[in-house]
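Read the figures in this text as sums done on the coordinates, not as results from a lab. It should be emphasised that the depicted structure is a prediction, and the values quoted were computed from it without experimental measurement. When we count neighbours, we look across all protein chains shown, and the Cβ atoms used for this are built from the backbone with ideal geometry, even at glycine.
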Amino acid sequence: MKFKNTILTLVLICTFSGLTESCSDTDCPLNNVVRCYYTLYSSEQGSSITYSDTISVYAANTTLLNKYANATSFNLPMSYALQADTLTFEFRTSYGVNTANVIVSHTNTAHFVSLDCPTSFFHTITDIKHSAQTSHPTIDSIVVIKPEVNYDQTENIRIYLSNY
């Protein structure tokens, strides 16, 4: 009888210790979305503005931002497979449509926490260029404020708009 109790006790101890050791405290980030944050500024005044008309942003055949009105800032995803994102900005006003191409060059770095968490890609912006497709460009200049694009929800790129 004493032998059965000893075996039962050992089995329970081994089972309990195996259960407690197999559990891990995985520290997956709750907000694991990596996005580039853009803010709009007036090129004349140098201050933040609210663009009262609509903005749309396209990448290849994908709409990333659709007719966003009263914008002061917005965020867009970045490609983890390409080294540059080619974006088409479309600014609709009562006077018509102004478009501009923006090319954001960046490096991609896989961010791995554990097997329990999905892999994310962090980016480092290396260069940014823009060109107007219309005779009245809306984008005057673009400045990279923070080149590291990660989980932080902080301003990465500042767009200065002309005539605003």
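What is the set of long-range amide H partners of CYS36 at a cut-off below 5 Å, with H atoms built 1.01 Å from backbone N?
HN-HN under 5 Å from CYS36: LEU76, MET78.
Neighbour counts of other C-beta atoms within 10 Å: give me LEU115, LEU64 arranged from fewest to most. Could you put the intermediate results ahead of the total?
Details: LEU115 8, LEU64 16.
Ranking LEU115, LEU64 by Cβ neighbours within 10 Å, fewest first, gives LEU115, LEU64.
For THR126, which sequence-distant residues (separation of 5 or more, or a different chain) have an amide H within less than 5 Å of its own amide H, given hydrogens modelled in the peptide plane?
Here SER105, HIS106, THR107 satisfy the definition.
With θ set to phi - 60°, apply the Karplus curve 6.51 cos²θ - 1.76 cosθ + 1.60 along segment 78-88 and write out the HN-Hα couplings as whole Hz, x wherever there is a Gly or Pro.
Those phi angles translate into 10, 6, 9, 9, 9, 8, 8, 9, 9, 10, 10 Hz.
FRET efficiency for THR88 and ASN108, Cβ-Cβ distance as r, R0 = 22 Å, nearest 0.05?
Values: r = 22 Å, r/R0 = 0.98.
E between THR88 and ASN108, to the nearest 0.05, is 0.55.
How would you rank THR39, THR134, going from fewest to most other Cβ atoms within 10 Å of each one's own Cβ? Before the final figure, lay out each step's value.
Details: THR39 18, THR134 12.
Least crowded to most crowded, the residues run THR134, THR39.
For ASP53, enumerate residues with amide H under 5 Å from its amide H, sequence gap 5+ or separate chain, H modeled in the peptide plane.
ASN70
Evaluate the charge dipole of segment 34-161 about its Cα centre and quote only its size in Debye, nearest 20, assuming +1 on the Cβ of each Lys and Arg and -1 on the Cβ of each Asp and Glu. Each step should come with its number before you reach the end.
Working: 6 positive and 10 negative charges, 35 e Å.
The calculation lands at about 180 debye.
Which whole-Hz ³J(HN,Hα) couplings does segment 139-146 yield from phi under the Karplus relation 6.51 cos²θ - 1.76 cosθ + 1.60, θ = phi - 60°, glycine and proline marked x?
So the Karplus estimates, Gly and Pro as x, are 7, 7, 7, 9, 10, 7, 8, 9 Hz.
So how far, in whole Å, is the C-alpha centre of segment 39-88 from the one of segment 113-130?
Computed from Cα coordinates, the inter-centre distance equals 19 Å.
Label ASP152 and ALA81 with points 7 Å out from Cα along Cα→Cβ: what is the distance between them in nm?
2.9
Ranking TYR80, TYR41 by Cβ neighbours within 10 Å, fewest first, what do you get? Present the calculation step by step, with values, prior to reporting the outcome.
On the way: TYR80 15, TYR41 19.
In order of increasing Cβ crowding within 10 Å: TYR80, TYR41.
What list of ³J(HN,Hα) values in whole Hz, one per residue of segment 62-74 in order, does the Karplus curve 6.51 cos²θ - 1.76 cosθ + 1.60 (θ = phi - 60°) give from phi, with Gly and Pro shown as x?
Rounded to whole hertz, the list is 10, 8, 8, 9, 10, 6, 7, 9, 6, 8, 10, 7, 7.
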